[in-house]
Structures are given as structure tokens and as C-alpha cells.
1. In debye, nearest 20: dipole of region 107-303 around its Cα centre with unit charges on the Cβ of K, R (+) and D, E (-)?
2. List residues of region 36-62, by number, whose backbone nitrogen lies under 15 Å from a label position 7 Å along Cα→C-beta of SER25.
3. Positive end of the dipole of region 99-232, charges at C-beta (+1 Lys, Arg; -1 Asp, Glu), about the Cα centre: which of LEU114, VAL165, THR226 has its Cα farthest in that direction?
4. Any of LYS80/LYS128; LYS341/LYS435; LYS128/LYS435; LYS80/LYS277; LYS49/LYS284; LYS393/LYS435 with alpha carbons more than 29 Å apart? Name them for me.
5. Can you figure out the FRET efficiency of GLU159 with ALA53, using R₀ = 56 Å and their beta-carbon distance, to the nearest 0.05?
6. Quick check on region 99-181: what does the Kirkwood estimate of hydrodynamic radius come out to from the alpha carbon pairs, in Å?
7. Which of SER416, SER267, SER379 comes first, and how do the rest follow, when ranked by fewest Cβ neighbours within 10 Å?
8. Quick one: HIS184, HIS190, fewest Cβ neighbours within 10 Å first, how do they rank?
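Coordinate-derived values only; no laboratory data. The model shown is predicted, which means the values in this text are computed figures rather than measured ones. Note: ideal-geometry Cβ built from the backbone for every residue, glycine included; neighbour counts use all protein chains shown.
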Amino acid sequence: MLENLTERLARVVKNIKGEARLTESNTQEMLREVRLALLDADVALHVVKDFIAKVKQKAMGQEVQSSLTPGQAMVGIVHKELVSLMSGSEDPVQARMQLNLAVAPPAVVLMAGLQGAGKTTTVGKLAKWLRETQKKRVLTVSCDVYRPAAIEQLRLVSEQAGVDVFPTPERANPIDIAQQALDHARRHLHDVVLVDTAGRLAIDEEMMREIAQLHAAVRPIETLFTVDAMQGQDAVRTASAFKETIPLTGVMLTKIDGDSRGGAVLSVRAVTGCPIKFVGTSEKIDGLEAFDAERMANRILGMGDILAIVEQAQKTVDLKTAEKMAEKFKSGGRFDLNDFKMQIGQMRNMGGLSSLVDKLPAQMQQAAKGADLSAAEKSIPRMEGIINAMTPKERRHPELLKASRKRRIAAGAGVSVQEVNRMLNQFEQMQEMMKKMQKGGLAKMMRAVGGMKGLGGLPGMGGFGKR
């Protein structure tokens, strides 16, 4: 996201060199580029003006440390202001916003938003996050009596999240439904109740009156507005309208992984006064991240978010399997096609290549820029299908795979022999890397990673997208 801003900053920083301090003359060009990039990203105009004014005020006359160039010093100032803009605080600790559940259980979280913003799916994601990271017993309830599909959708996502769902009674009004769910939660010792409200295609008087009455009846500790990040300033205007009706405590930005210019991320906090609590990073049930303004600023400025990759790996990688593989290599075992299949499966579970590359620093993203990531991701199930078409002996001993066997495997997997050969080539590259690791040659291994063809040397993924 905000690739425009990242690229403009990187380009302008190169031009501000050899100066002893930041002055109006050597920052003017950079501030102009930042302003244009923010406007291109659909950030609200008054937010852009305020942001540029603050950066300029802090930059003027600031001494540049001997270890920094003026460009680096400017990036540091822009980074602090981005954190402040998205969180309302320059303090990195204060910038990490999560839910306030400090109330006698059950804590009520009311979810508001327009239809199509991903509200019901976000309820399921938030329920899973609360269950897994906060160890909360969660109950979900749908108060959308206008769209039966919404009730069924909430039931399905709640099952995926592993939480309880309160069955919405027929022909009941939203307030009665919510109060019955709260009574059920008290009797069954639930910690949190997530209330999914009705959405509309546009804001109307009836909708606002209903949600105001519902808010007054359930008195939620958190009232979260779910908004589609791809809507840009339209999303911010919608959030402002809800803010005038009910006291919002936070914003849930969905579809942050979509083809968005990113304006909503930078505008919504300043316009509504509400912190961004979570962002939706994929359509999967675990595709929700607690919003961290500092880490988002890192990504905007091309510094990447390696910590997010580590956290995703911790959640998705099968540690027992990984330990078993490590023990196998330690005892001198060979990296075979079973191991390769396990690795590409883990890559898929971590959200795919696009999700990983988006979190890498700009320089590493540049290395993968020429690769067709969508084609590479589509290749993963085909790669798994090819391996599945092999016999157990062939997976353990890939050297057996001669022409006749390859033809049989290709027919079984529904692919061409050339694609089988392409997969085996990637396997051999990964196998060679594993040999270097076993010998302790870390430096050699890193050179091997850098030399892999295709996706900038991503382990096991080189050349997937090539045809």
C-alpha cells in the first residue's frame, strides 16, 4: 500500500545529500513530493496540509547527526509524524491500539458499518483474535433482521473462529435480540459479546435511529466502525456520519490488502478522532491484525514489517513438523519432496507471496518486482498436485524420476511434463540450499538465496511464476 509515497520518498531522499542541516531550500522539493503523493493516495486535503506544516516546522534548522544524511533525518521526522497522524500520539507504546475490555463481563462490543464493508466477516475475525490472543470466551449475535443471509454468514464465520453464536429469533426486533443475547452470555459465563448490526447500502435516517437505540440499550464498552479501506475519502465521510450519531471508540479497516491507495489509513484517525484498532489483511478468518501505527509507518516508508512476518509464521507454522525436519537434517537426513511440499504448504498458510512481499523492506520488494506473484501463488496448488501424484518412494528418492515416471506423474496431476520439470528444478535449488545449511555455511547459503532465479531468491519459490 502507498507504493507511490514510498517510491517518491526514496527518489527524493537520494537528492538531499551533503548538507549539514535541514533547511527550507533542501526540504522544499521533498515536502512537495510528499504532499503530491498523499493527495494521490486520496488523503483528505486538510489532513495533508496539517501534516506537511508539522513536518516543515520540525525540519527547519534541525541539526543532522554525523551518522545521518539530511534525507535520512527527514525520513525520521516524516516517520514520527505518520505515527502521530495514525495514532494521535508520537509515543510508540500509545500508538498500539487494542480493545478496552475493562468491565464486568460480558463486555459488549458493538459493530457498525455499511453493507458490503466486510462487517460480518470482521466480527468472525475479531472473535477468533479474542479467543486466541486474549483467551476470551466469545459469543456473537446478529441483529440484522433485514438480511437473513447475514445471520447465516455470522453463524458460519463464528464456527470457523471456534466461538459460540446466539441464534437470532425470527420476527424479533434488534434490541430484543441483543438483550436476549446478553442474558444468555451472563448465564453461560461469556467474557465478550460481539453484536453485529444491520448495514445499508447508504446512510439513512431509519438506520441511524435504529443503531442509536441499540447502542443505548446494550451500552457497549467498545463501538467499532467497520469501513472499507478501498473507499478512500468516502470511507472517512461515512465514519464521520456514524460518529455524529453514536460515540464510536475505534475503527476497523477492512480490505487493506486490496488495490487501495491507502488514503483511509492516513485520514480516518484525523477526521473522526477515533483510533484505528484493527486492519483486515486477507479474506481468511485469521486475516486480522491489531493496528500498530509505528509498524504501518515503517511499511509506508519502505522499511517493511518483518515482525509481522515472524508473528504470522508463529501462528501458522507447525512447530512439531518443523522440529522433526530439523532433527532429520541434524542426523544427516536428505531434504526430499515430502519436505518441499511441507514448506510450500506453510508458505500458502502464511497468506501467500503477495502478503509476505508487502511486508518486506522496499529494497527486497524491488528484487521481487519483476515476478508475477499471482501466477506464482496459483502455481503452489499445482506443485502440491504434482507431488501428490508421485509414489511415496518417488517422494523420498527424487533421483528415480526419469522420463517415463515424469510422464505418468504429469498425466496424474493434469499438467505438462515441462511443468513437472520446472517443479523439480525449484526443488533441486531448495535441496542445494539445505545442503549448505547442514554444512554450516550460512554465508554461502545466503549467496545461494540471492542467486535463485525468479522471486528475488525467496526460499523454495524461485521462478514459480515463470512460464
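1. Charge dipole of region 107-303: 420 debye, to the nearest 20.
2. 61
3. Farthest along the dipole direction, towards plus: VAL165.
4. LYS80/LYS128; LYS128/LYS435; LYS49/LYS284
5. In this case the efficiency is close to 0.65.
6. 13.2 Å
7. Final ranking by Cβ density, sparse to dense: SER416, SER379, SER267.
8. The most exposed by this proxy come first: HIS184, HIS190.
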